[in-house]
Amino acid sequence: MITVRVPLGQRSYDVLVGHGARRELAGLLPSTAKRAAIVTQQAIPLDIDVGLPTEVFTIGDGEAHKSLATIEALCRGFARFGLTRNDVVIGVGGGMVTDVAGFAAASWHRGVAVVHVSTTLVGMVDAAIGGKTGVNLAAVDGIGGKNLVGAFWQPAGVVCDLDALATLPPREVRCGRGEMAKYHFLTGDDLLAMDEAERIARCVEIKADFVSSDERESGRRALLNYGHTLAHALEIATDYSLAHGEAVAIGLIYAATLAHQLGRIDQVRVDQHYEVVGGHYELDTALPAGVDRRQLIDLMGRDKKALGGGLTFVLDGANGVEVVTDVSPDAAGDALDAMLLK
């Protein structure tokens, strides 16, 4: 078992990484909890026992259920269950589950403790760590977006039970590799030299460092969104037929291509992105067929990182990965064209 501490003063918490880690879950629960609301999905094959009266709340699969309607349904269920501010919500599942469970916990009685049991690689290295919770805003009259409604609400602890990874279909594993790939470019660590548990724990450590230095994403933490600006646009443009980690993989290649177009990195560095993403992690690096160039640029302009004026991206450069503002739509389009010609 590897324990990684997320240092946030009085709100610090542990992330447990290892096979059978769920058996340590009870030790992460707040001492005040008399009951636990377990938020999960139908297909999650991981049973947990916390030694408290529990009720299981099953949410739907797919991004359409990552919504304010789901949050309302959960809160009504919490009310029927009698969940108090001293109790605990436990999210058992992938990134969608922990995002939804965390936001519901942050909203119920203006904040009840939440503990996450992550069952996917994406969740273990990213989604379950750091306290960002949220749901999508369905598009109405062309206005909407991914994770636009939410809250910062740190968990009381996180469990990454590696036994759960053996139950994942190959596509879900690839999605996790998309998120994992970004850490290569944030740190330069040779993650491929590590075994599975060490690699996941190192990704958690890297994220914990970013979170502890910038909890509310007002500066440095935004770098964790490397590859995500195009990724979120692709998810929406493909009606979420492209999974998050798959979209991030393409987004990493796009970010490198755009950085090269802007003169921030050379072709050798772009080739390194292709080597890690496409070579080592065997992920698709090309834009999906049929995507609308103009729609992608418009969607990227609505990204949460946008600061007004031009487009905002996280891009590689001589000083490492950093936030770059006021990128022109023309430059963003040229980078898309360059990928289409690849």
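The values are calculated or read from the model by the stated rules, or taken from the named source; none is laboratory data. The structure displayed is predicted, hence computed values, not measured ones. Note that each Cβ is placed from the backbone with ideal geometry, even for glycine, and that neighbours are counted across all protein chains shown.
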The number of residues in the range 59-76 that are touching a residue at least 40 places away in the same chain (Cβ under 8 Å), buried (at least 19 other Cβ atoms within 10 Å of the Cβ) and not charged (D, E, K, R) is 3
From the list ALA255, ALA247, which residue is touching an Asp or Glu at 6+ places or on another chain (Cβ under 6 Å) and of a type in the set (A, V, I, L, M)?
-> ALA247
So GLY251, is it modelled with pLDDT of 95 or more and closer than 17 Å to GLY176 by Cβ | yes
Run CYS75 past the list (1) under 21 Å from the mean Cα position of the chain (by Cα); (2) outside any strand (DSSP E or B) and report the number of the one that doesn't hold.
-> (1)
Kindly indicate which of ALA113, ALA104, ALA128, ALA138 is buried (at least 24 other Cβ atoms within 10 Å of the Cβ) and more than 25 Å from ARG220 (Cα to Cα).
-> ALA104
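Rundown of residues vs (1) surrounded by fewer than 15 Cβ atoms within 10 Å (Cβ to Cβ); (2) of a type in the set (Phe, Trp, Tyr); (3) under 16 Å from the mean Cα position of the chain (by Cα); (4) within 27 Å of THR257 (Cβ to Cβ), yes/no style:
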position	(1), (2), (3), (4)
LEU191	no, no, no, yes
MET194	yes, no, no, no
ALA201	no, no, yes, no
ALA208	no, no, yes, no
SER213	yes, no, no, no
ARG221	no, no, yes, yes
TYR226	no, yes, yes, yes
Picking from VAL39, VAL15, VAL56, the residue that is closer than 19 Å to ALA113 by Cα, of a type in the set (A, V, I, L, M, F, W, C), in the same structural domain as GLY131 (by TED's automatic domain parsing) and surrounded by fewer than 20 Cβ atoms within 10 Å (Cβ to Cβ) would be VAL56
Is there any pair with a first residue in the range 134-147 that is within 11 Å of SER67 (Cβ to Cβ) and a second that is among the charged types (D, E, K, R) and in a strand (DSSP E or B) whose Cβ atoms are under 8 Å apart and which are 6 or more apart or on different chains, and what are they?
-> ASN136/LYS146
Check the range 19-31 and report whether any residue there is surrounded by fewer than 20 Cβ atoms within 10 Å (Cβ to Cβ) and within 21 Å of the chain's Cα centre (by Cα).
-> no
Could you count how many residues in the range 240-249 are surrounded by fewer than 23 Cβ atoms within 10 Å (Cβ to Cβ) and within 14 Å of the chain's Cα centre (by Cα)?
-> 2
In the range 96-137, which residues are assigned to a strand (DSSP E or B), under 27 Å from GLY20 (Cβ atoms) and over 14 Å from the mean Cα position of the chain (by Cα)?
-> ALA113, VAL114, VAL115, VAL117
Contact list, first residue from the range 30-43 and free of Cβ contacts under 8 Å to residues at least 60 places away in the same chain, second anywhere and buried (at least 22 other Cβ atoms within 10 Å of the Cβ) and in a loop (DSSP other than H, G, I, E, B), beta-carbon distance below 7 Å, six or more apart or interchain, is LYS34/ASP87; ARG35/LEU83; ARG35/ASP87; ALA36/ASP87; ALA37/LEU83
For the range 219-227, does any single residue satisfy the condition of being touching a residue at least 60 places away in the same chain (Cβ under 8 Å), among the small types (Gly, Ala, Ser), in contact with a strand residue (DSSP E or B) (Cβ under 7 Å, 6 or more places away or on another chain) and not assigned by TED's automatic domain parsing to the domain that holds GLY20?
-> yes
Taking only pairs six or more apart or across chains, which ones have beta-carbon atoms under 7 Å, a first residue in the range 1-19 that is without any contact (Cβ under 8 Å) to a residue 40 or more places away in the chain, and a second residue that is basic (Lys, Arg)?
-> SER12/ARG5
May I ask you to list the residues in the range 42-53 that are crowded, with 16+ Cβ neighbours inside 10 Å and either more than 22 Å from the chain's Cα centre (by Cα) or among the hydroxyl-bearing types (Ser, Thr, Tyr) (or both)?
-> ILE48, VAL50
Just one of ALA259, ALA237, ALA286 is in contact with a Pro (Cβ under 9 Å, 6 or more places away or on another chain) and either surrounded by fewer than 17 Cβ atoms within 10 Å (Cβ to Cβ) or not assigned by TED's automatic domain parsing to the domain that holds VAL135 (or both); which is it?
-> ALA237
Pick out the one residue from VAL50, VAL6 that is under 24 Å from ALA164 (Cβ atoms), at pLDDT 95 or above, in the same structural domain as GLN154 (by TED's automatic domain parsing) and hydrophobic (A, V, I, L, M, F, W, C).
-> VAL6
From the list ALA33, ALA69, which residue is modelled with pLDDT of 95 or more and in contact with an Asp or Glu (Cβ under 7 Å, 6 or more places away or on another chain)?
-> ALA33
